[in-house]
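Structure first, commentary second.
Please treat every number below as a calculation from the coordinates, not as lab data. Every value quoted in this text rests on a predicted model; they were computed, and no experiment measured them. No Cβ is skipped: glycine too gets one built from the backbone with ideal geometry, and neighbour counts run over all protein chains shown.
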Amino acid sequence: EPEVTQTPSHQVTQMGQEVILRCVPISNHLYFYWYRQILGQKVEFLVSFYNNEISEKSEIFDDQFSVERPDGSNFTLKIRSTKLEDSAMYFCASKGKASGEQYFGPGTRLTVT
Amino acid sequence: QKEVEQDPGPLSVPEGAIVSLNCTYSNSAFQYFMWYRQYSRKGPELLMYTYSSGNKEDGRFTAQVDKSSKYISLFIRDSQPSDSATYLCATHGSGNTGKLIFGQGTTLQVKP
């Protein structure tokens, strides 16, 4: 069964460093998303991406964040200068059509020290 | 008012019990409703996806949507210890972005 994959599973970085979180969405999907979940809190939307551009972003997704689909299979989230409060689980999700189901990856646990 | 509200629990039931999980939402523009299951430190796993008011059944799971009262429910029949997890309700409107808005999640423990 097709699934969304994410790497790495756990990333530890120092404050101020850049990190890139990687995702491989389900192969025939067209809509891509990043969410995050701070420990003990709800899953929060960060950004949606369709047709090679951002279609919506949340207030969390400021200038320190960027997304890219560098080739036909990968979808990345970059945080330019990490802060302690960026520590969270980051989930990638994808769906095949506008009204379709959204499937999540296993997440990357980002720890900023 | 929060867009999606969900009692965080925890909810503890004996094995074999019928479980009822609930969410309320505030925006009548929300049209699509989902239930996800999340094990500790794992990604949300899609259980149910519904569009209209009414019931949808899949095995031991039944999702119910009442748009008039902005209330969604998930029922689990014959609950098993493996059902112990956090259950997240989520919704989005008809816009193409499909941004999901999640509830807090309800932690369920099914005791053998």
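Some observations on this one:
- The mean count of C-beta atoms from other chains within 10 Å of the C-beta of residues in A:95-104, rounded to a whole number, is 5.
- Rounded FRET efficiency, nearest 0.05, which uses the C-beta distance separating A:GLU1 from A:ASN28 and R0 of 22 Å: 0.95
- With a 10 Å cut-off around each Cβ of A:43-56, the average count of Cβ atoms from other chains is 3.
- Taking a ≥ b ≥ c as the square roots of the eigenvalues of the Cα gyration tensor, an a/c ratio of 1.5 or more together with a/b larger than b/c marks chain B as prolate.
- B:ASP7 paired with A:LYS97, simple spin-label distance in nm, labels 7 Å along Cα-to-beta-carbon: 3.7
- The protein assembly as shown: C-alpha pair distances exceeding 28 Å, %: 30
- Taking every residue in B:32-40 and counting other chain Cβ atoms within 10 Å of its Cβ, the average works out to 2.
- The alpha carbons of chain A occupy a box of 38, 28, 27 Å along the principal axes, longest dimension given first.
- With a Förster radius of 25 Å applied to the C-beta separation of A:ARG69 and B:LYS67, the computed FRET efficiency comes to 0.10.
- Neighbour-count order for B:LEU46, B:LEU108, fewest beta carbons within 10 angstrom listed first: B:LEU46, B:LEU108
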